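The next block holds one structure in the form of structure tokens; read it before the comments.
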Amino acid sequence: MLLQIAPIGPLADRLLSEEFGAIRLWEEPKSWLTQHGAEVELVATSVRAGCGPEILAALPRLRAISSWGVGHETLDVAGAHARGISVATTPDVLDDCVADLAWGLLMAAARRIPTADRYVRAGQWKEVGHFPLTTKVSGKKLGILGLGRIGAAIARRGLGFAMEVRYHGRGPKPGVSYGFEPSLKDLAAWCDFLVVACEGGPATRHLVSAEVLDALGPRGILVNIARGSVVDQEALIAALQAGRLGSAGLDVLQGEPGAPLALRQQDNVVLTPHVGSATHETREAMERLVVDNLRAFRRDGTLLTPVRA
Ligand code: NAP
């Protein structure tokens, strides 16, 4: 039996229902898990809905979890692996769109595109005159925190803008030509633009600290398309308000959905509502991959895009 924890999207929801006869947990009574948990062998879920220790404990015969999204901080991966349960997410298919958005935020923050748009709409172009000068993008220094699949796609785009690229992570990546910076603070001090692309969760919480933001400095620009938890948001707000950081482009926030007033009031911030992968093409590919993983598992007991232990 396949249990679907929450709605995933119109395509996946339809295929899971037609091909797997998915039980939709959100449409069942609260007692469903206690009464039928032992019948469940497959789970379909999303990074938003997750699959934590409590649900795992209610599913003693579970064999595989297929989750929409690439983050797995809401999935109990360690607990699943310890019981021999395979876990898949939907990586790769979203790299281009998330990297595109990171660049959109970088450009928008550096060239102040949203502010310029408001300037024209408010009639100030005609009434006040020229818009203030902004920051050049091409040929600058790009720092990337987390050179994974998405980080690498962001870096490749940087080469097209004639940028020098360096990165920080837990260690240097073999076969990578970009420079590795063992210290995130040193990377921030070196670069003009710091893009956050590492995974979320406790290990990366507040890696972008007040100290790192100060190193990036009053002309520096921070872009975050990873998780709000990676950035110390109070420190970010303080740095932006005091002009100790140039500007920021943020697709993800602590406490999302929604943004604190202090951020919404800052003119030197560009905000998007966690839409890195939110294009028709990529969302369809992600939904298909959730189902393809389950099809593969049903066929031969393997997943196409498993999360490695
Ligand atoms: P990935 O290939 O697994 O890359 C994650 C990177 O995080 C790795 O390269 C790793 O670098 C780095 N990392 C992990 N722990 C670290 C630590 N303690 N310190 C420094 N770096 C660390 O994942 P991905 O597919 O590129 O996705 C990256 C993240 O983007 C996801 O986890 C998700 O949170 C976020 N995301 C956001 C959106 C959106 O809509 N905005 C969409 C998709 C994904 P090392 O191994 O070198 O340490």
Fill in the blank from the handout: Taking region 166-197 and keeping residues of a type in the set (Gly, Ala, Ser) and within 14 Å of the ligand (Cβ to nearest atom) leaves Gly169, Gly171, Gly175, Gly179, Ser183, Ala188, Ala197
Practice task
Answer yes or no: is there a residue in region 101-120 that is in contact (Cβ under 8 Å) with a residue 12 or more places away in the chain, outside the structural domain of Val195 (by TED's automatic domain parsing) and within 16 Å of the ligand (Cβ to nearest atom).
Solution key: no
Problem - Filtered residue count, region 94-125, keeping only those that are of a type in the set (A, V, I, L, M) and not in a helix (DSSP H, G or I) - result: 2
Practice task
Could you check, for region 84-100, whether at least one of its residues is outside the structural domain of Val137 (by TED's automatic domain parsing), among the hydrophobic types (A, V, I, L, M, F, W, C) and free of Cβ contacts under 8 Å to residues at least 24 places away in the same chain?
Solution key: no
Handout entry: Those residues of region 8-54 which are among the charged types (D, E, K, R) and either under 22 Å from the mean Cα position of the chain (by Cα) or part of a helix (DSSP H, G or I) (or both), in sequence order
Key = Asp13, Arg14, Glu18, Glu19, Glu27, Glu39, Arg48, Glu54
Practice task
Answer yes or no as to whether Val307 is at pLDDT 95 or above and either of a type in the set (D, E, K, R) or in the same structural domain as Ile65 (by TED's automatic domain parsing) (or both).
Solution key: no
Problem - Inter-residue pairs, beta-carbon under 6 Å, first closer than 14 Å to Ala102 by Cβ and in region 161-172, second part of a loop (DSSP other than H, G, I, E, B) and near the ligand (Cβ under 8 Å from one of its atoms), 6+ apart - result: Tyr167/Leu147
Problem - Matching option when the condition is of a type in the set (A, V, I, L, M) and either surrounded by fewer than 21 Cβ atoms within 10 Å (Cβ to Cβ) or in the same structural domain as Ala78 (by TED's automatic domain parsing) (or both), among Leu194, Leu240, Leu222, Leu263 - result: Leu263
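Every residue, every condition in (1) surrounded by 15 or more Cβ atoms within 10 Å (Cβ to Cβ); (2) more than 11 Å from the ligand (Cβ to nearest atom); (3) at pLDDT below 95, yes or no:
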position: Lys136; (1), (2), (3): no, yes, no
position: Gly139; (1), (2), (3): no, yes, no
position: Gly151; (1), (2), (3): yes, no, no
position: Glu164; (1), (2), (3): yes, yes, no
position: Thr204; (1), (2), (3): yes, no, no
Practice task
Would you please list the contacts, defined by Cβ atoms under 7 Å and residues six or more apart or on different chains, that run from a residue in region 184-200 that is more than 17 Å from Arg219 (Cβ to Cβ) to a residue that is surrounded by fewer than 24 Cβ atoms within 10 Å (Cβ to Cβ) and modelled with pLDDT under 95?
Solution key: Glu199/Gly71; Gly200/Gly71; Gly200/Glu73
Exercise for the section: Answer with yes or no whether Arg283 is surrounded by fewer than 15 Cβ atoms within 10 Å (Cβ to Cβ), among the basic types (Lys, Arg) and not in a strand (DSSP E or B). Expected result: no
Completion exercise
Apart from one, (1) in contact (Cβ under 8 Å) with a residue 12 or more places away in the chain; (2) over 23 Å from the mean Cα position of the chain (by Cα) all hold for Ala242; the odd one out is (1)
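The values are calculated or read from the model by the stated rules, or taken from the named source; none is laboratory data. A quick note: this is a predicted structure, and the numbers were derived from the prediction, not measured. Here the Cβ is made from the backbone with ideal geometry for all residues, glycine too, and neighbour counts use every protein chain on show.
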